[in-house]
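Each remark here refers to the structure printed beneath this line.
The values are calculated or read from the model by the stated rules, or taken from the named source; none is laboratory data. Not measured: the values here are computed from a predicted model. Reconstructed Cβ throughout: ideal geometry from the backbone, glycine too, with neighbour counts over all protein chains shown.
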Amino acid sequence: MRLSLSVFCSLALSAGVAWGQSMVADVTLTPMGSFKAKSTDVKGEAVVSGDMVTAQNIVVGLKNLSTGIELRDRHGRDKYLEVGKYPEIVLVKGQGKGGQGSGLFRWRGVEKEISGTYEVKGSSVVAKFPVKLSDFKVEGINYKGVGVDDEMQVEVSVPARKAASKAPASVPARAPKKK
C-alpha cells in the first residue's frame with residue numbers, strides 16, 4: 001500500500017484570476033482501494049535564479065484536509081495527523097541546482113532534511129521527494145485491517161518568481177577638471 005501526496009499550487013495572474021493553491025494526496029490502501037485528500041491551504045513561493053531555486057517558509061495547512069467523506073476526514077485529521085496540535089507542514093528552507101535539491105521540513109515538532117528532484121515549469125516549480133511518515137511521528141495508520149505504507153512520495157508545485165536582477169555597479173562620478 002502506498003500513500004502518495006501531491007501538492008499542486010498554481011499561479012494564475014491573468015485578469016480577474018487570483019492565486020489558486022491546493023494540495024491533493026493520492027492514497028492507495030492495502031489490500032485494495034484508494035482515495036484523494038485535498039487542501040486549498042498552501043502558502044509560499046519559490047525563487048528562480050538561472051538553474052538555482054530557493055524557497056523558504058512554504059506552508060501547507062492541514063486543518064481543511066478533505067477526502068470527500070466526512071468521517072474519514074475527521075478520523076485522519078484528529079487521530080493520525082493530530083491537526084489540532086500540528087496544523088501545518090512547513091518547508092523551512094529549500095535549495096536546489098540543476099534539478100537536484102534538498103530542504104529542511106518541520107512537521108509535528110520534528111525537523112528533517114529531505115532530498116529530491118525539481119523542475120521549473122512555466123511560473124511554477126515542481127519538486128518530488130520521498131517522506132517517511134515515521135520520521136515525523138506518524139505511525140500505525142490502520143482502520144479495520146487497512147493501512148498506509150510508512151514511505152510516501154511527495155510532489156509539490158508552488159508558484160515561482162524570478163530573482164531580482166543585481167544592479168550594475170555604479171561608476172563613481174568624476175570631479176570636474178580644474179582650469
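Just a few scattered comments:
- Residue match in the stretch 144-152 (condition: in contact with an Asp or Glu (Cβ under 8 Å, 6 or more places away or on another chain) and at pLDDT below 85): yes
- Within this structure, residue 48 passes the test of being within 18 Å of residue 94 (Cβ to Cβ) and at pLDDT 90 or above.
- Sole exception among (1) modelled with pLDDT under 85; (2) surrounded by 15 or more Cβ atoms within 10 Å (Cβ to Cβ); (3) not in a strand (DSSP E or B) for residue 177, by number: (2)
- Residue within the stretch 53-64 that is modelled with pLDDT under 90, buried (at least 19 other Cβ atoms within 10 Å of the Cβ), outside any strand (DSSP E or B) and not aromatic (Phe, Trp, Tyr) present: no
- Test: residue in the stretch 144-166 that is polar (S, T, N, Q), loosely packed, with under 12 Cβ neighbours inside 10 Å and under 25 Å from residue 83 (Cα atoms): no
- The residues of the stretch 65-74 that are surrounded by 15 or more Cβ atoms within 10 Å (Cβ to Cβ) and either within 24 Å of residue 115 (Cβ to Cβ) or not β-branched (Val, Ile, Thr) (or both), listed by number, are 65, 66, 72, 73.
- Tally of residues being among the polar types (S, T, N, Q) and either in contact (Cβ under 8 Å) with a residue 60 or more places away in the chain or surrounded by 13 or more Cβ atoms within 10 Å (Cβ to Cβ) (or both) across the stretch 118-141: 2
- Test: residue in the stretch 35-45 that is at pLDDT 90 or above and surrounded by 15 or more Cβ atoms within 10 Å (Cβ to Cβ): yes
- Any hit, the stretch 68-86, residues being closer than 24 Å to residue 162 by Cβ and either modelled with pLDDT of 85 or more or in a loop (DSSP other than H, G, I, E, B) (or both): no
- Per the conditions (1) under 12 Å from the mean Cα position of the chain (by Cα); (2) in contact (Cβ under 8 Å) with a residue 24 or more places away in the chain, the sole criterion not satisfied by residue 106 is (2).
- Residue selected from the stretch 44-91 under the condition within 23 Å of residue 102 (Cβ to Cβ) and among the hydroxyl-bearing types (Ser, Thr, Tyr), by the criterion farthest from the chain's Cα centre (by Cα): 49
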